[in-house]
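Read-outs throughout are calculated quantities, based only on the coordinates presented, and are distinct from any laboratory measurement. Just so you know, these numbers come straight off a predicted model, no measurement behind them. Every residue, glycine among them, receives a Cβ derived from its backbone with ideal geometry; neighbour counts consider all protein chains shown.
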Protein chains: 2
Amino acid sequence: MQQVKVVGVGMTKFGKFLDRSIKDLGVEAVQAALADAGLKKEDLQAAFVGSAVMGLITGQECIRGQVILRHMGIGDIPVINLENACASASTAFHQAWMAIASGLYDVVLALGIEKLYHQDKAKSFNALAAAVDVEEHAQGSKAQEGGLPSRSMFMDLYAGLAIKHMEKYGTTREQFAKVAVKNHYNGCLNPHAQYQKECTVEEVLNSPLIVYPLTLLMCSPLGDGAAAAILCSPQFAKRASSKPINVAATILKSGMERDITTPSLIERAARQAYEIAGLGAEDVNIAEVHDATTPAELFAYEDLDLCPKGEGGWLIDEGKTWLGGSIPVNTSGGLCAKGHPVGASGLAQIAEVVWQLRGHAGQRQVKGAKVGLTQNAGGWIGNDTAAGTVSIFTI
Amino acid sequence: MQQVKVVGVGMTKFGKFLDRSIKDLGVEAVQAALADAGLKKEDLQAAFVGSAVMGLITGQECIRGQVILRHMGIGDIPVINLENACASASTAFHQAWMAIASGLYDVVLALGIEKLYHQDKAKSFNALAAAVDVEEHAQGSKAQEGGLPSRSMFMDLYAGLAIKHMEKYGTTREQFAKVAVKNHYNGCLNPHAQYQKECTVEEVLNSPLIVYPLTLLMCSPLGDGAAAAILCSPQFAKRASSKPINVAATILKSGMERDITTPSLIERAARQAYEIAGLGAEDVNIAEVHDATTPAELFAYEDLDLCPKGEGGWLIDEGKTWLGGSIPVNTSGGLCAKGHPVGASGLAQIAEVVWQLRGHAGQRQVKGAKVGLTQNAGGWIGNDTAAGTVSIFTI
């Protein structure tokens with residue numbers, strides 16, 4: 001298998017764009033990635049397009065990628081539409097990586113896109129509920145009897161995991177709040193972020209309660225947006241105008257039945273990614289992790305081996321994951337501040353890491369970053385994440 | 001890139017299964033394919049799961065593959081959920097092929113599954129309408145004003161193409177009817193087929209008019225079902241108990257803007273597939289083509305170069321594509337008689353070709369078949385098929 005390089009990344013600003021179509025958003029991200037690489041649309045040999053629930057919001061199912069790409073005059077090439085809940089974009093990236101690694105193609109596109117906002121917010125929340133085993137959930141949940149949910153069911157799930165972590169390790173709500181403070185601070189430095197407003201621990205704790213222990217500012221918002229990457233062979237990378245970034249490893253896994261002795265999907269994927277990359281957690285300079293809620297960022301610290309089990313709270317207390325710390329996490333603002341258009345998030349994470357490794361991250365640049373990691377998670381099944389990726393990038 | 005072998009295929013009977021879940025159907029197909037290969041579920045290293053609109057029917061989006069595979073105790077391995085309208089299953093097969101060809105995996109699963117029936121038939125037809133550019137269609141179609149469609153919009157599309165063919169080449173409704181007669185005859189020989197009832201040209205022409213020139217028996221029905229294949233490396237194939245079938249070529253393309261001088265997606269894909277396989281149309285012994293309506297089978301004869309342009313009607317008149325003819329087409333009964341659970345059809349075609357090339361096709365066996373071809377098409381965009389595949393298999 002040949003090496004794979006990322007030579008272009010691009011994204012729209014994330015936000016609430018009721019008036020923008022999937023074509024508008026998708027084309028903007030693809031054009032930005034092509035411009036970043038100094039390549040033309042005619043160079044693309046295949047396209048991997050991830051999205052999660054926007055079919056339920058916009059009515060466009062089945063051929064989402066073709067609809068977007070045709071709008072910018074791209075046709076004929078294979079278009080593969082992919083879905084893996086909130087890990088749809090990183091699944092698209094993973095398949096794009098395989099397409100280059102196989103030697104079948106020289107240059108391909110990975111695109112992640114989502115339209116999550118709807119005039120009727122209940123429709124958005126209900127769409128997200130399609131990322132679990134809906135049959136099992138309908139049987140087990142009394143919530144279904146009460147009509148439309150007032151929030152994503154994932155918030156209940158994260159709340160339960162957060163409480164367990166608090167009980168087992170003494171993690172506090174203040175620590176969950178500090179992650180939000182950090183990520184909202186970083187979001188202020190990122191022009192693509194949905195929110196650019198600093199907040200304090202008190203403000204996070206006093207923001208509206210979603211479900212104990214989670215408050216509004218500890219949760220990622222609904223969002224619309226798109227993000228893209230151009231991947232190519234080392235040979236083709238010489239034609240790009242940008243500095244190519246290596247994909248040292250990209251691991252995709254699905255959930256499995258597990259007991260307390262079985263590592264989580266993210267732990268299993270991380271171990272494999274480190275092994276393939278020939279690197280350890282201590283080599284990672286920056287990481288973009290899946291903070292759908294802020295407790296999930298603390299879990300990721302531990303699952304990615306950035307700290308021992310149970311010490312996620314300590315890591316944020318010590319400021320290690322802040323800009324200026326030893327291992328800055330979510331310099332982009334993360335899902336909480338940058339936003340979380342679910343089917344786009346995985347590629348937005350990759351865009352941030354590529355910018356950081358190139359030294360192009362502006363005010364939020366981590367000096368001398370050489371190794372970056374992304375962790376994207378999607379859906380829930382049984383007692384594990386349904387789909388998830390860990391990828392490692394090097395200069 | 002390494003060679004790729006198909007060592008196991010399996011499918012459910014296609015039909016109307018309001019009481020069967022996606023888990024029931026999916027697991028049955030996967031278990032059948034594993035049993036056919038003489039392999040265990042633990043052997044699978046990745047899964048590529050295609051479906052088109054069943055999310056709109058069942059509510060299960062995002063992680064369809066995980067939900068099905070978990071039900072049979074498969075977890076941890078990468079699960080990639082794919083969508084390409086009626087070409088979803090062959091897109092899953094194409095990606096599974098790439099996964100083996102790349103050398104990344106030794107053995108992987110391709111699964112196609114669909115639940116299309118709904119108590120409210122309008123919901124099924126509306127779901128299929130998501131396989132075009134819905135924004136463009138909503139702008140252009142007055143049908144939208146009149147409420148729910150009484151048939152799939154694709155029938156109107158096929159009817160228009162059929163009329164053009166009749167006007168240009170003198171093709172007749174009797175010829176379209178003959179394709180139905182042939183495929184329903186073949187369906188009687190296939191225990192997996194949704195319909196097992198012979199019909200005459202008169203019966204086809206006198207069946208209810210859907211939209212001129214198409215009658216009910218010229219159209220594929222709504223259907224539920226699943227089909228699966230196990231793909232592996234030549235090395236791993238030695239561990240399988242079945243006779244391995246070679247994937248000589250598998251080409252996936254998307255639609256493009258075109259004028260009368262530009263070949264259709266299927267023509268473009270077929271040319272490339274023949275070139276890669278080092279074979280020509282004259283070498284093909286059997287073909288499974290996408291007869292969503294019977295005129296489409298005639299178009300496929302021409303696009304696949306089984307006959308010159310405009311001579312599709314002649315080919316069916318001469319009996320060439322019947323069992324016993326020089327190039328039997330849709331020995332399975334095709335989409336019209338075997339059924340068309342859209343996201344499963346592409347892999348059901350592949351199952352038929354594998355059985356034929358092994359000599360295991362029972363009463364419908366084509367003697368000495370050595371080269372088989374499948375052609376699967378999905379959606380519509382602009383003036384071309386949105387997604388489509390042509391694959392060639394050899395013994």
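How many percent of DSSP beta bridges within segment A:78-229 run antiparallel, rounded to 5? Provide the component values of the computation, followed by the final result.
On the way: 7 of 8 bridges.
Once the DSSP bridges in segment A:78-229 are tallied, antiparallel ones form about 90 percent.
Beta carbons within 10 angstrom, averaged per residue: use that to sort the peptides B:22-28, A:360-366, B:370-376, B:253-259, highest first. Let's see the in-between values first.
Working: B:22-28: 22.6, A:360-366: 16.3, B:370-376: 26.0, B:253-259: 19.9.
My ranking of the peptides, most packed first, is B:370-376, B:22-28, B:253-259, A:360-366.
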Linear extension gain, A:Lys123 paired with A:Gln235, 0.36 nm per residue minus alpha-carbon span: 35.7 nm
Contact order normalised by residue count of segment A:208-281, Cα under 8 Å, 6+ apart, percent: 21
Across the identical copies, how the A:Gln3 labels are spaced - nm, sorted shortest first, 7 Å along Cα→Cβ: 3.2
Linear extension gain, A:Glu198 paired with A:Lys243, 0.36 nm per residue minus alpha-carbon span: 13.0 nm
Pairwise label distance in nanometres, A:Asp76 with B:Tyr212, each label 7 Å out on the Cα-Cβ vector: 3.8
Relative intensity, log₁₀ I(q)/I(0), of the protein assembly as shown from a Debye sum that treats every alpha carbon as a point, q = 0.06, 0.08, 0.09 Å⁻¹: -0.35, -0.61, -0.77
Euclidean distance between Cα centres, segment B:80-139 to segment B:160-216, Å: 26
Debye log10 I(q)/I(0) for chain B, one point scatterer per Cα, at q = 0.06, 0.10 Å⁻¹: -0.20, -0.57
For the B-to-A rotation axis, chain B residue with nearest beta carbon and its distance in angstrom: B:Ser102, 2
For chain B, built as a Gaussian network whose Cα springs stay under 10 Å, the top-fluctuating residue of B:Lys367, B:Lys338, B:Lys16: B:Lys367
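Which of the pairs B:Lys5/B:Lys197; B:Lys23/B:Lys182; B:Lys168/B:Lys320; B:Lys16/B:Lys197 have their Cα atoms more than 26 Å apart in this structure?
B:Lys5/B:Lys197; B:Lys23/B:Lys182
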Local net charge near A:Val181, Cβ-Cβ under 9 Å (Lys/Arg +1, Asp/Glu -1): 0
Separation between Cα centres of segment A:14-73 and segment B:232-251, rounded to whole Å: 36
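Want the number for B:Lys370 to B:Glu318: 0.36 nm per residue separation, take away the alpha-carbon distance, what's left?
On the way: separation 52, 0.36 × 52 = 18.72 nm, distance 2.28 nm.
Full extension from B:Lys370 to B:Glu318 adds 16.4 nm.
Note down the net charge around A:Asp36, summing +1 for each Lys or Arg and -1 for each Asp or Glu among other residues with Cβ under 11 Å from its Cβ.
Once all neighbours under 11 Å are counted, the net charge is +2.
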Proximal charge balance of B:Leu214 [Cβ under 10 Å; K/R count +1, D/E count -1]: +1
Calculated label separations, A:Arg258, copies of the chain, 7 Å along the beta-carbon direction, nm: 4.7
Other-copy label distances relative to A:Glu136, 7 angstrom Cα-Cβ extension, nm: 4.0
Contact order normalised by residue count of chain B, Cα under 8 Å, 6+ apart, percent: 26
Order by protection proxy (mean Cβ within 10 Å, highest first), peptides A:35-47, A:53-65: A:53-65, A:35-47
